1. For the stretch 30-45, give me each residue that is within 19 Å of Glu368 (Cα to Cα) and part of a helix (DSSP H, G or I).
2. For Ala89, indicate whether it is open to solvent by 50 Å² or more (accessible area, probe 1.4 Å), assigned to a helix (DSSP H, G or I) and farther than 28 Å from Ala334 by Cβ.
3. I'm trying to understand the selection: among the residues of the stretch 1-24, which are open to solvent by 10 Å² or more (accessible area, probe 1.4 Å) and farther than 29 Å from Arg66 by Cα?
4. Is it the case that the stretch 44-58 has a residue that's in contact (Cβ under 8 Å) with a residue 24 or more places away in the chain, open to solvent by 40 Å² or more (accessible area, probe 1.4 Å) and over 16 Å from the mean Cα position of the chain (by Cα)?
5. Can you find even one residue in the stretch 383-404 that is of a type in the set (Asp, Glu), in a helix (DSSP H, G or I) and either open to solvent by less than 10 Å² (accessible area, probe 1.4 Å) or touching a residue at least 60 places away in the same chain (Cβ under 8 Å) (or both)?
6. Given the conditions (1) modelled with pLDDT of 90 or more; (2) open to solvent by less than 20 Å² (accessible area, probe 1.4 Å); (3) farther than 18 Å from Phe13 by Cβ, report the number of the one that Leu157 does not fulfil.
7. For residues in the stretch 25-41 being open to solvent by 10 Å² or more (accessible area, probe 1.4 Å) and among the hydroxyl-bearing types (Ser, Thr, Tyr), which is farthest from the chain's Cα centre (by Cα)?
8. Just to be sure, is Arg61 out of contact with any Lys or Arg (no Cβ under 9 Å at 6 or more places or on another chain), in contact (Cβ under 8 Å) with a residue 24 or more places away in the chain, in a helix (DSSP H, G or I) and under 16 Å from Trp153 (Cα atoms)?
Amino acid sequence: MFGVASFFYLYEFLLRVAPSAMFQQLLDVYKIDATQLGLLSSSYYLAYASLQLPVGAWMDRLGPRRLLTAAILLCAVSTILSANTNSFAVACLARFLIGAGSAFAFISCMKIVAIWFERPLFPLLTGLTLTVGTLGAVAGKYPIAFALNWMDWRHLLNVIGVAGIVVALASWWFIRDTNPSISEDNGTTSTESSFWQNLRAVASNRQNWWIALYGLLTTGPTDAFGGMWGDPYLVHAHGFAQSEAAIVASMTFLGLALGSPFLGWLSASWSSRRKPMVLGALIAALSLAAIVYLPVLTPLTAGILFFTFGFFGNYVLCFVAVRDVNQTRYVGTAVGFANMASMVGSTTLMYCIGHLLDYSRKLSGVTETVYNISDYQFALNILPIAYVLCIVLVLSKMKESFQPQ
């Protein structure tokens, strides 16, 4: 069950970052600029973020089997739709629907872990979930960019969509909603609690708000830069080939994949959630500042910096801390609450960077959709600032949530 759910998380991560590997094809086919490309990508995050709270409550109420299967099918069919339209508006709608289906992925994994595994395993399995998911982001970078050398992007998306239908069938076959060996209070599905009861219980805990803000400030840069704008930045500002840029930017998610279980381990070793959060935010801010402000980036230097940014700047401890401060019966709603805030950060930064790029370009008097290093430096300033805010504003308000097992 955990394998199927985490594989869907990998699948939706691949869909999440696919536009970054196809950015030039999308610019050419739809004849759009950076702002519109940001809108296309952020359509996914808009749906993903807006559905996190209801998805969490539905998961607590109905269980993962039916919801997860339907969500995978929605992603698969919407991917096929996006591959077969010439309309930019329809493409945005398809991305929105993919985001809606993807909203179920991570919460389903966390709910399955809460139902079927012992509580001490939650940090480890959360890290492994993020590891598997972010490998999907790696697969959505270079392999897609490589495949585009010999396959039309529309045909490629059709193949990915059909693969999703197979994953949906596996979900229906393997997933089960309840664990007969534990009681209701220990995490099986609740059919009596309402969305508003779950939300009230989660929202009344002030620590959930600070943890969610931490998630917003860390997920936003990872998705907006590693998942979208890192590729065109390296191509336009530093002259990388598109496939080369995809490899380098994918190092963000390789770092995230390896850093998630490491930070989970470090948290347990230090008996603290807050200390690894502070350390990670600091190193991520320094890495991003180097990426943005170094006048020359080689593929090796850029790859190391992107990897370091992803390794330390990830958000795994956000969800571990949420698990610490909420009862098991509210895990779906609580994770949805934190994940909603995280995706708000991604949606906002995804669009804002594109808008700032066009603003800087127009200030320079350039009418064509061509961006230089100064445009990117202007737009990407907000990325290291987000991690500084993690340290200054959020972590000073968060209480230590580590609970000895």
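The values are calculated or read from the model by the stated rules, or taken from the named source; none is laboratory data. Quantities reported herein were computed from a predicted structural model and do not represent experimental measurements. Glycine also receives a Cβ, built like all others from the backbone with ideal geometry; neighbour counts cover every protein chain displayed. Ligands, DNA and RNA are excluded from the accessible area calculation, which covers all protein heavy atoms including side chains. Shrake-Rupley method; radii C 1.70, N 1.55, O 1.52, S 1.80 Å.
1. Within the stretch 30-45, the subset within 19 Å of Glu368 (Cα to Cα) is 30-39.
Across the stretch 30-45, the qualifying residues are Tyr30, Ala34, Thr35, Gln36, Leu37, Gly38, Leu39.
2. Details: open to solvent by 50 Å² or more (accessible area, probe 1.4 Å): yes; assigned to a helix (DSSP H, G or I): yes; farther than 28 Å from Ala334 by Cβ: yes.
Yes; evaluated as a whole, the condition is true for this residue.
3. The answer is Gln24, and nothing else.
4. Scanning the stretch 44-58 turns up at least one residue that is in contact (Cβ under 8 Å) with a residue 24 or more places away in the chain, open to solvent by 40 Å² or more (accessible area, probe 1.4 Å) and over 16 Å from the mean Cα position of the chain (by Cα).
5. Step one: filter the stretch 383-404 for residues of a type in the set (Asp, Glu), giving 400.
Remaining after also requiring in a helix (DSSP H, G or I): none.
The answer is no; no qualifying residue exists.
6. Answer for Leu157: the failing condition is (3).
7. The qualifying residue farthest from the chain's Cα centre (by Cα) is Tyr30.
8. Details: out of contact with any Lys or Arg (no Cβ under 9 Å at 6 or more places or on another chain): yes; in contact (Cβ under 8 Å) with a residue 24 or more places away in the chain: yes; in a helix (DSSP H, G or I): yes; under 16 Å from Trp153 (Cα atoms): no.
Here the answer is no, as Arg61 does not meet what is asked.
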